[in-house]
Every structure is written in structure tokens, then in C-alpha cells.
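This report refers to the structure that appears directly beneath it.
The values are calculated or read from the model by the stated rules, or taken from the named source; none is laboratory data. Nothing here was measured: the structure is a model prediction, and the numbers come from that model. Positions of Cβ are backbone-derived with ideal geometry, glycine not excepted, and every protein chain shown enters the neighbour counts.
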Amino acid sequence: MSNLHAARMAGVLFLISTSSYMVASELIAAVFQLPDYLEQAFPNKNSLTLAALLEFINSAAVVGIGVVIYPIIRQYDERVALGYVAFRIIEAVMLLVGAVAILSIVTLSENLIQNPLTNTEHFHTFAKVLRHERYFDFQMGMIALSLCGLMLCLTFYQYRLVPRLLASLGVVGYIALLLKIMFDFFDISLGGMLLYIPGALFEFLLPLWLIVKGFDLSQKPEVEMS
């Protein structure tokens, strides 16, 4: 695979990952924001199943990005290349576990609807536990993303694989994402959703750059790989 082809494939996978997760989040939010979300989950099972499928696609794309980028980054820093793939796999696994939680809530909703005369409190308690599990799975996945993204962008910046302004935006974005997750863990209200913006902008601009321009591999590392 040529470097330009690999860059374009990575760019397409970035777009697939971002778009699939965004659509999945909207489908899930449309149900989970309802006060009677547990009662509504099974009637909306098609939407939630589609959301879980989209999150699976996102996870597959996430791993694909790491695999495609690996041979390029390995030319400059093998540890970063390996770390990027490893953290992307961790991210994908965490998000997949969160997707399974969605399907479990659909099953709970079905049981609740089919057994209306039973004590429903345990259904709601279990659903709440699954939602908390999904939330923390997402948080752990975002920690993995922020760490590997930061390593990648620092390598981009050091070797000018993409324009340094774009790489700098990525550094800021992933640091902001990591801070957002840490603030949420400790219930600190600082920055809010604004901390997602730099990273989101980077993950929109980077794939466009990769598809159009690819990586600039003209600057060789100081120590050549054996």
C-alpha cells in the first residue's frame, strides 16, 4: 500500500468513525432523554439496534485507523506507532461494551412491557446501572483516545507529517478532551462542552487533509530504523 493510499484510507476511516458515532449518539439520545426511556426502549428497538450497529462500525473504523497509520508512524517512532494501535484497540473495546449495554436495556424494556404486573423497580435499577456502565465505558474510551491522539499529534508536529498548525490543533484538542474527562470524573464544572470543540474540529480537518494531501514524508527521522 502506498503512503498516499494509506493516508487517504485513514482519512476515510476517520470520517466513518466520526459520522457513525455522531448518528448513533443522536439516535440514543432521542430515546434516553425521555422520562420513561425504559418503557420506550423496546418500542424503539430498531433505532437503538441501529445505533448499536453504528457504534460497532465506529469501533471497527477506530481499529482500522490505527492499523493503517501504523506503518507510516513506525518509520519515525515505533513506540508511538505501537502505542497508537494499542490505545485505539482499548478505545474500540470500551465503546463496544457501551453498545452492548444499549442492547441490554432494550431487552430489559421488553421484559418490563411483557410483565406489567411485576415489581418494576428492579428493572429501572438495572437500567440505571447499565447507563452508568455505558457512561464510564465512554469515559475510559475517551481517555485512551486522548492519550494516543496526543502522542500521534506530537509526532505529526515533530516531523511535519501534516502542517504544524493542524498538528497543534490536535495537541490542544486531545489535551482539552483529557481535561474534560478528568473534570467529569471529579464532578468539576469547568469548560463544559466547549472542551470538545478543538478535538472535534481536528478530527474533521485532519481526514480532509489526508484525503487531499496525504502525509508529508520528506523529513526523515534522525535515526533510521534497522
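So the values come out like this:
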read-out	value
Condition met for Ile105 (within 19 Å of the chain's Cα centre (by Cα) and of a type in the set (Val, Ile, Thr))	no
Single condition Asp216 does not satisfy, out of (1) among the acidic types (Asp, Glu); (2) out of contact with any helix residue (DSSP H, G or I) (no Cβ under 7 Å at 6 or more places or on another chain); (3) assigned to a helix (DSSP H, G or I)	(3)
Cβ-Cβ under 7 Å pairs, at least 6 apart or on other chains, the range 166-177 side among the β-branched types (Val, Ile, Thr), far side surrounded by fewer than 20 Cβ atoms within 10 Å (Cβ to Cβ)	Val171/Leu150; Val171/Leu154; Val171/Tyr157; Val172/Pro198; Ile175/Leu150
In the range 6-54, residue surrounded by the fewest Cβ atoms within 10 Å (Cβ to Cβ) [restricted to those that are touching a helix residue (DSSP H, G or I) at 6+ places or on another chain (Cβ under 7 Å) and assigned to a loop (DSSP other than H, G, I, E, B)]	Leu34
Leading residue by the ranking (surrounded by the fewest Cβ atoms within 10 Å (Cβ to Cβ)) among those in the range 160-217 that are under 20 Å from the mean Cα position of the chain (by Cα) and charged (D, E, K, R)	Asp184
Boolean, Ser17 is at pLDDT 95 or above, under 18 Å from Val100 (Cβ atoms) and not charged (D, E, K, R)	no
Residue count, the range 54-67 (criterion: free of Cβ contacts under 8 Å to residues at least 40 places away in the same chain and either of a type in the set (D, E, K, R) or farther than 26 Å from Ala81 by Cα (or both))	1
Among the residues listed as Ile102, Ile65, the single one being in contact with a Ser or Thr (Cβ under 8 Å, 6 or more places away or on another chain), of a type in the set (A, V, I, L, M) and at pLDDT 95 or above	Ile65
The range 1-27 residues that are closer than 17 Å to Ala60 by Cβ, paired with ones that are assigned to a helix (DSSP H, G or I) and of a type in the set (D, E, K, R) (beta carbon under 7 Å, 6 or more apart)	Phe14/Glu203; Thr18/Glu203; Tyr21/Glu55; Ala24/Glu55
Yes/no for Tyr76 being among the aromatic types (Phe, Trp, Tyr) and surrounded by fewer than 17 Cβ atoms within 10 Å (Cβ to Cβ)	no
Candidates Val80, Val67, filtered to the one that is among the aliphatic types (A, V, I, L, M), assigned to a helix (DSSP H, G or I) and closer than 14 Å to Thr155 by Cβ	Val80
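A quick yes/no check of all residues on (1) of a type outside the set (Val, Ile, Thr); (2) free of Cβ contacts under 8 Å to residues at least 24 places away in the same chain; (3) under 17 Å from Cys153 (Cβ atoms):
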{"position": "Met182", "(1), (2), (3)": "yes, yes, no"}
{"position": "Phe185", "(1), (2), (3)": "yes, no, no"}
{"position": "Ile188", "(1), (2), (3)": "no, yes, no"}
{"position": "Pro198", "(1), (2), (3)": "yes, no, yes"}
{"position": "Leu208", "(1), (2), (3)": "yes, no, yes"}
{"position": "Ile211", "(1), (2), (3)": "no, no, no"}
{"position": "Asp216", "(1), (2), (3)": "yes, no, yes"}
